[in-house]
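First comes the structure, then the notes that go with it.
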Amino acid sequence: MLKLMNYKIRCTSCHKASVSILDFRCTSCGKPLDLGLDFNFEPRLVQLKNYSAWRYARFYPYVDARDTITLGEGWTPLVKFDDNLCFKLDYLNPTGSFKDRGSTTLISAIHRQVKKHGGYVAEDSSGNAGASIAAYSARAQLKAKIYVPENVSGPKINQIKSYGMPVVKVAGSRSQVAEKAQRAEKGKFYVGHIFHPFFRDGIRTLAYEIAEQSNWKTPARVYLPVSAGTLLLGVISGFRHLADSGTISNVPKTVACQTRQVSPLYHRMRKLEYKAPKKVTSVADALVSTNPPLLDLMIKELQGIRGDVEIVDENEILDAFTKLAHKGFFVEPSSAVAYAAYQKQLKNKEISKADKTVIVLTGHGLKTTLQTTP
Ligand SMILES: [Zn+2]
């Protein structure tokens, strides 16, 4: 089958082209890399009988079909909640979070190279990405070492260990966990999901699915929880690709939703000063990036599509977490942040119930030990 080979990996700052698929940042200046697409999205190239994210395989030119590592991720349900509101149930992915979309493209693209060097992959994560990389590494028969903050929830640690991968708990901030994971060791290939462009690029399929499941008519607004920015950047990249190709008429108003404690993007977008707490104690324990390395890129992309930001307080998160569960949608508190932000904007009359809206529910409720309020 003919593959579309037009893509480039370049530095987001000095624009130097990357030569190795194992590079996770610019070898010249150290800034994050980004993947550029030089081909159109064409609905006729979607493999309609493949009910996974790989129905869009033709738009992933860097993955050879024979090397694909899949657990059946993607093509998650888009469920109508009320007249104009739909939930995208991405918590139904194989490891219980949207991260599987990124793990399948990243591990598919690199597992042969890492094995050829007799190495293993290292990843740092607040939990969900670690579980996902561990699962896809297991599927690829590749070793993975997962670095996590010491306060990661019990179910997430248990999940990572169950895939047979060692977990290293690191005290301190989220940035300190990343530093430890990146420290050079023999045989170690750092593939941090926040940095590696192949991970972020896998999230494009989420935008493709929302558009295809809506008959290529996109909603007016899309709400996402945002921490390190992989979900936000991947979704924007997907919608932009569809719009640039003429498949959809415009990119939906994308709303980046954050907790008050962890809201560097919200503050920068609103030109307000952000003071990170000494210790993040929010119930939304997957949203912990107080100093995200991709912040500049997030600002640029969100401004580029005239996106929006919102923050919510702890009581609003708990309320949304409980409301969702009491309607049958059991997601982790971090995922409830997006619904909390939607409710807040409705209450403040910034939006209307008549706006066609999609809220992405990102992580499964079984990953938390938190209980709903009565
Ligand atoms: Zn550079």
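Annotations
- Three-way shape call for the range 1-124 based on the alpha-carbon gyration tensor, with the a/c threshold at 1.5: prolate
- Computed packing ranks the peptides 149-156, 84-91 as 84-91, 149-156, most packed first, by mean other Cβ atoms within 10 Å.
- Quotient of C-alpha Rg and 2.2 N^0.38 Å, computed over the range 1-64: 1.34
- Using the average count of surrounding beta-carbon atoms within 10 Å as a protection proxy, the listed peptides 16-29, 266-279 rank, highest first, as 16-29, 266-279.
- Largest-first principal axis extents, alpha carbons of the range 141-204, Å: 29, 27, 23
- Of the two radii for the range 227-323, the radius of gyration is 1.01 times the Kirkwood radius, both from the alpha carbons; that is the Rg over Rh value.
- Nearest-0.05 FRET efficiency for residue 355 and residue 39, computed from C-beta distance (R0 30 Å): 0.40
- Ranking 232, 220, 207 by Cα position along the charge dipole of the range 142-238, where only Lys, Arg, Asp and Glu carry charges on their C-beta atoms, puts 232 farthest toward the positive end.
- Ratio Rg/Rh [Cα only; Rh per Kirkwood] for the range 181-234: 1.16
- In order through the range 80-89: 3J(HN,Hα) via Karplus (6.51 cos²θ - 1.76 cosθ + 1.60), integer Hz, x for Gly, Pro: 6, 9, 9, 2, 10, 10, 10, 9, 9, 7
- Selected from 172, 370, 7, residue furthest toward positive end of dipole (the chain; charges at beta carbon): 7
- Contour excess over end-to-end distance, with Cα ends at residue 327 and residue 16 and 0.36 nm allotted per residue: 107.0 nm
- Here the ratio of the Cα radius of gyration of the range 317-372 to 2.2 N^0.38 Å is 1.14.
- Accessible area (Å², per residue) of the chain, counting only protein heavy atoms and a probe of 1.4 Å: 42 Å²
- 3J(HN,Hα) couplings calculated from phi for the range 338-351 with the Karplus curve 6.51 cos²θ - 1.76 cosθ + 1.60 (θ = phi - 60°) are, in sequence order, 5, 5, 4, 5, 4, 4, 5, 5, 5, 4, 7, 6, 7, 9 Hz; Gly and Pro show x.
- Net charge contributed by nearby residues that have their C-beta within less than 15 Å of residue 322 (K/R +1, D/E -1): -3
- Beta-bridge orientation, the chain: approximately 30 percent antiparallel, per DSSP, counting only bridges with both partners inside.
- Hull shadow area, averaged, the range 114-156 [alpha-carbon convex hull, nm²]: 3.0 nm²
- Within straight-line cross-link reach of residue 116, lysines at Cα separation under 23 Å, skipping those fewer than 8 residues along the same chain: 143, 145, 186, 188
- The label-point distance for residue 295 and residue 80, in a model that sets each label 7 Å from Cα toward Cβ, rounds to 4.3 nm.
- Charging the Cβ of each Asp and Glu at -1 and of each Lys and Arg at +1, and nothing else, the dipole of the range 202-261 about its Cα centre rounds to 220 debye.
- For the chain, a Kirkwood radius taken over Cα pairs fed into Stokes-Einstein (20 °C, viscosity 1.002 mPa s) yields D = 104 µm²/s.
- Considering only alpha-carbon pairs that sit under 8 angstrom and 6 or more positions apart, the relative contact order computed for the chain is 17 percent.
- The listed peptides 59-67, 111-119, ordered by packing as a protection proxy, come out as 59-67, 111-119 (highest mean of other Cβ atoms within 10 Å first).
- Share of carbon and sulfur in the accessible heavy-atom surface of the chain [1.4 Å probe, %]: 49 percent
- Check: the chain dipole with +1 on Lys, Arg Cβ and -1 on Asp, Glu Cβ, in debye: 600 debye
- Kirkwood hydrodynamic radius over Cα pairs of the range 167-307, then Stokes diffusion coefficient at 10 °C and 1.306 mPa s, in µm²/s: 97 µm²/s
- When the alpha carbon gyration tensor of the range 70-199 is reduced to an equivalent ellipsoid, its three semi-axes come out at 27, 18, 12 angstrom, largest first.
The values are calculated or read from the model by the stated rules, or taken from the named source; none is laboratory data. Note that the coordinates shown come from a computational prediction; the quantities given were computed from them, not determined experimentally. With ideal geometry, Cβ positions are generated from the backbone for all residues, glycine too; neighbour counts draw on all protein chains shown. The area values use the complete protein model at the heavy-atom level, side chains included, leaving out ligands, DNA and RNA. Shrake-Rupley method; radii C 1.70, N 1.55, O 1.52, S 1.80 Å.
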